[in-house]
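Just below is one structure, and these are the notes that go with it.
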Amino acid sequence: MNDISLMNLQAGNTTVSAAAIEAFAGQQRGSLLDAGDASYDEVRAIWNSMIDRKPALIVQCAGAADVVRAVRFARDNRLLVAVRGGGHNIAGNAVCDGGLMIDLSPMKSVRVDVAAKRAWVEPGATLADVDSETQSFGLAVPTGINSTTGIAGLTLGGGFGWITRKFGLTIDSLVCADVVTADGNLVRASETENSDLFWALRGGGGNFGIVTAFEFKLHDLGPQVTAGLVVHPFKDAQTVLEQYRQALETAPDELTCWAVMRAAPPLPFLPEEWHGKEVLVLAMCYCGDAASAETATARLRSIGKPIADVVGPCPFAGWQQAFDPLLTPGARNYWKSHDFMELSDTTIGILLDAVRRLPGPECEIFIAHVGGAAGRIATGATAFPQRNAHFIMNVHARWREPAGDEACIGWARRLFEAAKPYSVGTAYINFMPEDEGDRVAAAYGSNYQRLCEIKRRYDPHNLFRMNQNVLPRGEAG
């Protein structure tokens, strides 16, 4: 390699000599790539195709020692750093322009201790990797709903999905983590070791270091659950949503049901005449005893006159992948999100009006019902703040060509502004796009000041800034 100019933390350039780069590369078990390498474009590509950034160097880490050396290299040269796990985050912070991208995706090990009900997971693992190992033994970590999501980003942002109401957020099952901090040291964070760091990792995003291993407690589940979709005509959406919110008032923790509004994809169980027409889908998962599933789901399934009802027994790992075909890489994506205590009539009206104005066939709105076990943990117990919200809205604008940017982004922003007065003010940081940096403090609410103090102790120079950034206390930005 030749001398290379890299972006530094002052948004200027630092020239790193060829000798220093060669020495760094020689220390790594993994690979060091630049723009001349054949795999460079493939490695820098992430899920959201709106993000097209070009790091000067990419280090593909094979283990924790590689991560330590990469952080020290970045620290010593004061380089702009991006950290990639699964590369699925909407904001695209996994990749930077001109700096150093630390790629954890080769680190995919998942090890299960069945007797202890523990899993040790490396940060490059996806949710599919985790489910494949844990479900082989009838065990599970509560995670998200798209199996190609990386476990690292999901966990550090909080993590919620189909079994959150029963078992809590992903962070509520986190026992400890190995973390490379900004000073280049590998430390353990748990309730008894570096407990302030452990508190911050549970919802504080990638602000405090790079996790090289997660230890999760596991829960008995599956491998079969009762899950599936009930699809309604959009003309019935208001009545369906009103009855949906009523049914959820008495839903057991084992039952989760989300509402999705979009143009119907060509699903094999839908009559062809419905393909491309607006529908409201109730997507549900019951993780309790199979004998009680029919009773538990009956009220939701009795709502209205659905086009199709395909709820039934299925493998949990398969249900975790059910939405993957609608969330493949390669599309342009822009999200906006709010937390709600309730789905008021006014909020429902705002949502329905937005669905009538969908800017494209892949755009959708979903309402996730949370609470349950996740809501019975104190707001200050972890960095994740929104324990009291019962519903999370994700406005998911998704399209293929740059010509659609203005219409799709504008649609999402207008809905976000219209719904804002009825939200609680916090937000799920994993759903926040790159242009919402000014929303971070509000997203963390009462936990933000403590996060700033911990950031100052562990990363005073804000080396880890490619994230929904928490600033060290006293730093101007």
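May I ask you to list the residues in region 35-56 that are in contact with a Leu (Cβ under 6 Å, 6 or more places away or on another chain) and over 26 Å from SER147 (Cα atoms)?
If the condition is that a residue be in contact with a Leu (Cβ under 6 Å, 6 or more places away or on another chain) and over 26 Å from SER147 (Cα atoms), then ALA56 is the only one that fits.
(1) part of a loop (DSSP other than H, G, I, E, B); (2) assigned by TED's automatic domain parsing to the domain that holds THR148: which one isn't true of ALA94, the others all being true?
In the conditions (1) part of a loop (DSSP other than H, G, I, E, B); (2) assigned by TED's automatic domain parsing to the domain that holds THR148, ALA94 misses (2) alone.
When you scan region 119-177, how many residues do you find that are basic (Lys, Arg) and under 23 Å from LEU197 (Cα atoms)?
First, the residues of region 119-177 that are basic (Lys, Arg): 165-166.
Then drop every residue that is not under 23 Å from LEU197 (Cα atoms), which leaves none.
Selection size over region 119-177: 0.
Using the structure shown, decide if GLU193 is in contact with a strand residue (DSSP E or B) (Cβ under 6 Å, 6 or more places away or on another chain), charged (D, E, K, R), surrounded by fewer than 22 Cβ atoms within 10 Å (Cβ to Cβ) and not assigned by TED's automatic domain parsing to the domain that holds THR382.
Details: in contact with a strand residue (DSSP E or B) (Cβ under 6 Å, 6 or more places away or on another chain): no; charged (D, E, K, R): yes; surrounded by fewer than 22 Cβ atoms within 10 Å (Cβ to Cβ): yes; not assigned by TED's automatic domain parsing to the domain that holds THR382: yes.
Here the answer is no, as GLU193 does not meet what is asked.
Filtering region 277-316 down to residues that are under 28 Å from the mean Cα position of the chain (by Cα) and of a type in the set (Ser, Thr, Tyr), which residue is nearest to SER132 (Cα to Cα)?
TYR286
If the Cβ limit is 7 Å and pairs must be 6+ apart or interchain, which residue in region 69-86 that is buried (at least 17 other Cβ atoms within 10 Å of the Cβ) pairs with which residue that is of a type outside the set (A, V, I, L, M, F, W, C) and part of a helix (DSSP H, G or I)?
ARG69/GLN27; VAL83/GLY206; GLY85/GLY153; GLY86/GLY153
Any idea which of ALA247, ALA293, ALA283, ALA237 is out of contact with any helix residue (DSSP H, G or I) (no Cβ under 8 Å at 6 or more places or on another chain) and either assigned to a helix (DSSP H, G or I) or without any contact (Cβ under 8 Å) to a residue 40 or more places away in the chain (or both)? I'd like the intermediate steps shown before the answer.
On the way: ALA247 fails: out of contact with any helix residue (DSSP H, G or I) (no Cβ under 8 Å at 6 or more places or on another chain); ALA283 fails: either assigned to a helix (DSSP H, G or I) or without any contact (Cβ under 8 Å) to a residue 40 or more places away in the chain (or both); ALA237 fails: out of contact with any helix residue (DSSP H, G or I) (no Cβ under 8 Å at 6 or more places or on another chain).
Checking each option against the conditions leaves just ALA293.
For region 312-326, which residues satisfy the criterion of being touching a helix residue (DSSP H, G or I) at 6+ places or on another chain (Cβ under 7 Å) and either in a helix (DSSP H, G or I) or hydrophobic (A, V, I, L, M, F, W, C) (or both)?
Listed by number, the residues that qualify are PHE316, ALA317, GLN320.
Within region 172-213, track down each residue that is under 18 Å from GLU122 (Cα atoms), hydroxyl-bearing (Ser, Thr, Tyr) and assigned to a loop (DSSP other than H, G, I, E, B).
Answer for region 172-213, where residues must be under 18 Å from GLU122 (Cα atoms), hydroxyl-bearing (Ser, Thr, Tyr) and assigned to a loop (DSSP other than H, G, I, E, B): just THR181.
Here are some residues: ASN394, ASN388, ASN462. Which one is in a loop (DSSP other than H, G, I, E, B), at pLDDT 95 or above and either of a type in the set (A, V, I, L, M, F, W, C) or not assigned by TED's automatic domain parsing to the domain that holds ALA74 (or both)? Working first, answer last.
On the way: ASN394 fails: in a loop (DSSP other than H, G, I, E, B); ASN388 fails: at pLDDT 95 or above.
Just a single option satisfies the conditions, and that option is ASN462.
Given the options SER337, SER302, SER344, name the one that is surrounded by fewer than 21 Cβ atoms within 10 Å (Cβ to Cβ), polar (S, T, N, Q) and in contact with a helix residue (DSSP H, G or I) (Cβ under 7 Å, 6 or more places away or on another chain). Steps first, please.
Values: SER337 fails: surrounded by fewer than 21 Cβ atoms within 10 Å (Cβ to Cβ); SER302 fails: in contact with a helix residue (DSSP H, G or I) (Cβ under 7 Å, 6 or more places away or on another chain).
That would be SER344, the only listed residue that is surrounded by fewer than 21 Cβ atoms within 10 Å (Cβ to Cβ), polar (S, T, N, Q) and in contact with a helix residue (DSSP H, G or I) (Cβ under 7 Å, 6 or more places away or on another chain).
Quick check on region 110-131: of everything there that is touching an Asp or Glu at 6+ places or on another chain (Cβ under 9 Å) and assigned to a strand (DSSP E or B), which residue is surrounded by the fewest Cβ atoms within 10 Å (Cβ to Cβ)?
Here the residue is ARG111.
Taking the options VAL470, VAL395, name whichever one is under 30 Å from HIS275 (Cα atoms), among the aliphatic types (A, V, I, L, M) and within 21 Å of the chain's Cα centre (by Cα). Don't jump to the end; show me each part of the working.
On the way: VAL470 fails: under 30 Å from HIS275 (Cα atoms).
It is VAL395.
Just one of ALA374, ALA427 is under 17 Å from the mean Cα position of the chain (by Cα), touching a residue at least 12 places away in the same chain (Cβ under 8 Å), assigned to a helix (DSSP H, G or I) and assigned by TED's automatic domain parsing to the domain that holds TRP335; which is it?
Numbers: ALA427 fails: assigned to a helix (DSSP H, G or I).
Result of the check over ALA374, ALA427: ALA374.
Return the residue satisfying two criteria in turn: it lies in region 6-46 and is assigned to a strand (DSSP E or B) and polar (S, T, N, Q), and of such residues it is farthest from the chain's Cα centre (by Cα).
Step one: filter region 6-46 for residues assigned to a strand (DSSP E or B), giving 6-8, 13-16, 31-33.
Imposing the further condition that a residue be polar (S, T, N, Q) reduces the set to 8, 13-15, 31.
Values: ASN8: 28, ASN13: 32, THR14: 33, THR15: 35, SER31: 27 Å.
Here the answer is THR15.
For residues that are of a type in the set (A, V, I, L, M, F, W, C) and not in a loop (DSSP other than H, G, I, E, B), scanning just region 132-159, find the one that is surrounded by the fewest Cβ atoms within 10 Å (Cβ to Cβ). Even if it seems obvious, please write down each step before you answer.
Pass one, region 132-159, residues of a type in the set (A, V, I, L, M, F, W, C): 137, 139-141, 145, 151-152, 154, 156.
Subset that is not in a loop (DSSP other than H, G, I, E, B): 137, 139-140, 151-152, 154, 156.
Working: PHE137: 16, LEU139: 23, ALA140: 28, ILE151: 30, ALA152: 30, LEU154: 27, LEU156: 33.
Going through the qualifying residues, I end up with PHE137.
The values are calculated or read from the model by the stated rules, or taken from the named source; none is laboratory data. From a predicted model like this one, the values you see are computed outputs, not experimental measurements. In this analysis, Cβ positions are derived from the backbone assuming ideal geometry, glycine residues included, and neighbour counts consider all displayed protein chains.
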